[in-house]
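Data block below; observations after.
The values are calculated or read from the model by the stated rules, or taken from the named source; none is laboratory data. Predicted model, so just to flag it, every value in this text is computed and none were measured. Cβ placement follows ideal geometry from the backbone for every residue including glycine, while neighbour counts extend to all protein chains displayed. Just so you know, the surface numbers come from the protein's heavy atoms only, side chains and all, with ligands and any DNA or RNA stripped out. Shrake-Rupley method; radii C 1.70, N 1.55, O 1.52, S 1.80 Å.
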Amino acid sequence: ASEGKVDAVAFTSASGVEATMELALARGRGDELLKILRSIDVMVIGLHTLAPLVKEGVEAAIMPDEFSSEGMVRDIPREMIEGRRIWILRSDRGSGVLPNGLRGSGGLVEEVRIEVVALKGCLRTGNS
């Protein structure tokens, strides 16, 4: 993986997808986000999480048979994880199953809570 480059993102809920898109749009970077998501591996936990992405023309590289963090860890091929920078984009704090499982397979994982990022952005710019 190149320094500063994200190789893949994992979404664990539709609200995480929606919060990510809303944040990008609010910052005038919606098109840039979609371009990035269309060019990297996108991992989703299930059909409800996939739906808002499909509306924007983003395809999932992987969706587990069992719609759970455990299913994602089990079903994501090691070559999609090992040595790759993966961001888990969440709207809430999830269990450690997914990040720990991806790290255990050699992934360079960072968890990003989207609502916290959005709130900090609003406070920084003075928006409500």
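Tabulated data for the structure shown
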| quantity | calculated |
| --- | --- |
| Candidates per trypsin sites (Lys or Arg not before Pro) in the stretch 1-70, loop by DSSP, up to 12 other Cβ within 10 Å | Lys5 |
| Nearest-10 value in Å² for the accessible area of Ile45, using the 1.4 Å probe | 30 Å² |
| GluC sites (Glu not before Pro) within the stretch 15-73, DSSP loop, no more than 15 other Cβ atoms inside 10 Å | Glu56, Glu59, Glu66 |
| Accessible area of the stretch 18-82 belonging to carbon and sulfur atoms, whole % at 1.4 Å probe | 51 percent |
| Alpha-carbon Rg with Dmax, taken over the stretch 1-119, Å | 13.1, 36 |
| Gain on full stretching of the segment that runs from Asn100 to Leu47 - 0.36 nm per residue minus C-alpha separation | 16.8 nm |
